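The values are calculated or read from the model by the stated rules, or taken from the named source; none is laboratory data. Keep in mind that what you see is a predicted model, and the values were worked out from it rather than measured. Here the Cβ positions follow ideal geometry from the backbone for every residue, glycine too, while neighbour counts run over all protein chains shown.
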Amino acid sequence: MIDLRSDTVTKPTPEMLDFMTKAEVGDDVFAEDPTVTAFEQKVSAMFGMEAGLFVPSGTMSNQLGIKVLTNPGDEILIDQNGHIFNYETGGAGFLSGVQISTIQGKKGKLSPEDIKNSVRGGFDWEPKTSVLCLENTTNKGGGVCYSKDELSSLKSFADQNNLKVHFDGARIWNAIVHTGIEPTFFGEIADTISVCFSKGLGAPVGSMLLSNKENIAKARRFRKMWGGGMRQVGLLAAAADFALDNNFSKLKKDHERANQLAEAVDGCSNLSIDLNSVETNIVIFDVRNESAVEALTRLEEKGVRMVPFGPNTIRATFHYQIGDAELQKVVESVKELFD
Ligand SMILES: *Cc1c(COP(=O)(O)O)cnc(C)c1O
């Protein structure tokens with residue numbers, strides 16, 4: 001089975017497992033795991049942020065970011081396709097007591113124009129809008145990236161309106177590869193950044209919240225409260241560190257393969273795709289004349305798995321454990337079924 005459902009389905013390689021077993025560990029709730037501490041310092045320095053906090057999931061690092069940047073009753077702004085709004089089980093309302101104002105952007109991206117009338121708090125009866133959440137790359141938006149100029153203008157808008165910026169960088173690695181933007185630039189734009197090691201980088205577990213020392217100290221307490229304080233977790237930080245060192249450079253290939261699938265889809269009479277929206281490792285396309293679920297069942301019979309992303313919409317996501325031979329097989333199956 002060729003699994004393009006997500007870039008989270010990779011399995012640890014023997015080399016990664018071997019590297020994990022050599023990690024020096026300690027009790028990280030006592031801040032005594034040298035592997036975790038060194039990895040937090042390495043990643044935060046990479047983004048020009050003061051500190052990092054290793055956590056089990058991207059959902060936890062997003063929710064911790066919102067927690068440390070808001071007060072209960074605040075409002076946060078996010079594109080309507082955002083992960084924090086759609087796929088985090090309503091956590092922001094429950095854990096931080098904030099309400100989410102969803103904005104219609106483009107392919108999951110926002111601009112100052114999109115949000116200029118959505119900042120509130122001038123009157124006692126309004127919620128106080130305090131955080132702008134930006135996702136990069138956009139997941140539901142199709143894996144597209146913000147340009148440096150787009151981010152700079154959003155940062156100016158945020159500063160002028162007293163908004164903090166939380167950056168959902170679950171796939172920031174793909175954005176860095178596609179745009180060439182240096183990681184420290186994201187550190188300048190954002191107050192908090194969530195990065196994931198369990199997506200395209202291929203670690204089995206792990207994300208990190210990056211921010212200043214004060215916010216990370218606060219987040220550390222909430223991580224413990226929410227059950228995310230882990231003990232000899234250097235084993236997992238080692239896997240994430242290995243993934244960052246060894247697999248970051250492989251993302252470029254994922255993007256090329258995604259593009260090749262997109263071209264094939266574009267050539268099929270029963271499929272449609274916006275080729276301009278394929279920038280990184282995600283390919284989103286529509287099927288004509290049948291539902292996504294029906295089309296996916298037929299694809300699965302050919303040994304290819306993708307996910308439904310709407311009534312007639314399908315998402316395929318590339319990762320480094322899909323090579324050229326697998327891509328060829330996928331392209332052939334797609335052509336056989338849909339052309
Ligand atoms: C995957 C993902 C997350 C976090 O997901 P977890 O499964 O909790 O690690 C957050 N944001 C985006 C955009 C994602 O794609």
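Before moving on, here are some points about what is shown:
- Every residue from segment 159-189 that is among the aromatic types (Phe, Trp, Tyr) and assigned to a helix (DSSP H, G or I): Trp173, Phe185, Phe186
- So Asp254, is it touching a residue at least 60 places away in the same chain (Cβ under 8 Å) and assigned by TED's automatic domain parsing to the domain that holds Ile66: no
- Qualifying position, being among the β-branched types (Val, Ile, Thr), away from the ligand (no atom under 16 Å from the Cβ) and not assigned by TED's automatic domain parsing to the domain that holds Ala23, among Val287, Val283: Val287
- On the stretch given as segment 309-339, residues that are without any contact (Cβ under 8 Å) to a residue 12 or more places away in the chain and in a helix (DSSP H, G or I) total 3.
- Criterion violated by Asp254 - all others in (1) more than 30 Å from Ala38 (Cα to Cα); (2) among the charged types (D, E, K, R); (3) touching a Gly at 6+ places or on another chain (Cβ under 9 Å) satisfied: (1)
- Yes/no for Val98 being outside the structural domain of Ile282 (by TED's automatic domain parsing), free of Cβ contacts under 8 Å to residues at least 40 places away in the same chain, away from the ligand (no atom under 13 Å from the Cβ) and crowded, with 22+ Cβ neighbours inside 10 Å: yes
- Among the residues making up segment 194-213, those that are more than 29 Å from Asp3 (Cα to Cα) and surrounded by 24 or more Cβ atoms within 10 Å (Cβ to Cβ) are Leu210, Ser211.
- First in segment 11-30 and within 14 Å of Gly206 (Cβ to Cβ) and modelled with pLDDT of 95 or more, second anywhere and outside any helix (DSSP H, G or I) and aliphatic (A, V, I, L, M), Cβ under 9 Å, 6 or more apart: Pro12/Ala203; Met16/Ala203; Asp28/Met230; Asp28/Val233
- Some residue of segment 131-140 being crowded, with 22+ Cβ neighbours inside 10 Å, farther than 30 Å from Leu236 by Cα and touching a residue at least 60 places away in the same chain (Cβ under 8 Å): yes
- Qualifying residue in segment 70-82 (condition: assigned to a helix (DSSP H, G or I) and more than 13 Å from the ligand (Cβ to nearest atom)): no
- Residue check, Glu150 within 12 Å of the ligand (Cβ to nearest atom), farther than 24 Å from Ala237 by Cβ and within 19 Å of the chain's Cα centre (by Cα): no
- Just one of the listed residues (Ser61, Ser101, Ser44) is more than 30 Å from Val334 (Cα to Cα) and part of a strand (DSSP E or B), namely Ser101.
- Taken as a whole, the condition of being in the same structural domain as Ser147 (by TED's automatic domain parsing), away from the ligand (no atom under 15 Å from the Cβ) and out of contact with any Pro (no Cβ under 7 Å at 6 or more places or on another chain) applies to Gln104.
- Counting the residues of segment 159-172 that are under 15 Å from the mean Cα position of the chain (by Cα), more than 10 Å from the ligand (Cβ to nearest atom) and either surrounded by fewer than 24 Cβ atoms within 10 Å (Cβ to Cβ) or of a type in the set (A, V, I, L, M) (or both) gives 0.
- Matching option when the condition is under 17 Å from the mean Cα position of the chain (by Cα) and crowded, with 24+ Cβ neighbours inside 10 Å, among Phe85, Phe39, Phe54: Phe54
- Taking every residue in segment 55-68 that is closer than 16 Å to Gly202 by Cα and near the ligand (Cβ under 7 Å from one of its atoms) and pairing it with any residue that is part of a helix (DSSP H, G or I) and not charged (D, E, K, R), at least 6 positions away or on another chain, the pairs with Cβ-Cβ distances below 8 Å are Gly58/His83.
- Looking across segment 158-185, just one residue is more than 21 Å from Gly82 (Cα to Cα) and either outside the structural domain of Thr129 (by TED's automatic domain parsing) or in contact with a His (Cβ under 9 Å, 6 or more places away or on another chain) (or both), and that is Val177.
- Subset of segment 293-307 [surrounded by 17 or more Cβ atoms within 10 Å (Cβ to Cβ) and farther than 15 Å from Ile322 by Cβ]: Ala295, Leu296
- Test: residue in segment 106-113 that is outside any strand (DSSP E or B), surrounded by fewer than 19 Cβ atoms within 10 Å (Cβ to Cβ) and over 21 Å from the mean Cα position of the chain (by Cα): yes
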